[in-house]
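The values are calculated or read from the model by the stated rules, or taken from the named source; none is laboratory data. From a predicted model like this one, the values you see are computed outputs, not experimental measurements. Ideal geometry is used to build each Cβ from the backbone, glycine not excepted, and the neighbour counts take in all protein chains shown. Heavy atoms of the whole protein, side chains included, go into the accessibility calculation; ligands, DNA and RNA do not. Shrake-Rupley method; radii C 1.70, N 1.55, O 1.52, S 1.80 Å.
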Amino acid sequence: MENYVPVFESKIKKLYDKVVKELSIPKKERNKKRLKKMLKEIKGIKKTIRSAKKIKTCPHCGYPLWDEESLSYMDSDLLRS
């Protein structure tokens, strides 16, 4: 599971950009169902990443599996619901 963390992170980043784009549209014209679906998907992926993050290094060689600094957008207050 931990091998897919970068894939999940890129998916979250793309979804986050889509949410920001959708929020830039006037409130009456927003697709509320799509917005809720994207936020729910982001929340689920973040939960999956957190569970995979419990293992921080490779069990065989001890090399770090990902860079901690690249996840600064994960703690954003905008995505917490």
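The one condition from (1) surrounded by fewer than 10 Cβ atoms within 10 Å (Cβ to Cβ); (2) outside any helix (DSSP H, G or I); (3) at pLDDT 65 or above that ASP77 does not meet is (3). Annotation: LEU71 fulfils all but one of (1) at pLDDT 90 or above; (2) outside any loop (DSSP other than H, G, I, E, B); the unmet one is (1). Restricting region 22-60 to residues that are assigned to a loop (DSSP other than H, G, I, E, B) and open to solvent by 100 Å² or more (accessible area, probe 1.4 Å), the residue that is modelled with the highest pLDDT is HIS60.
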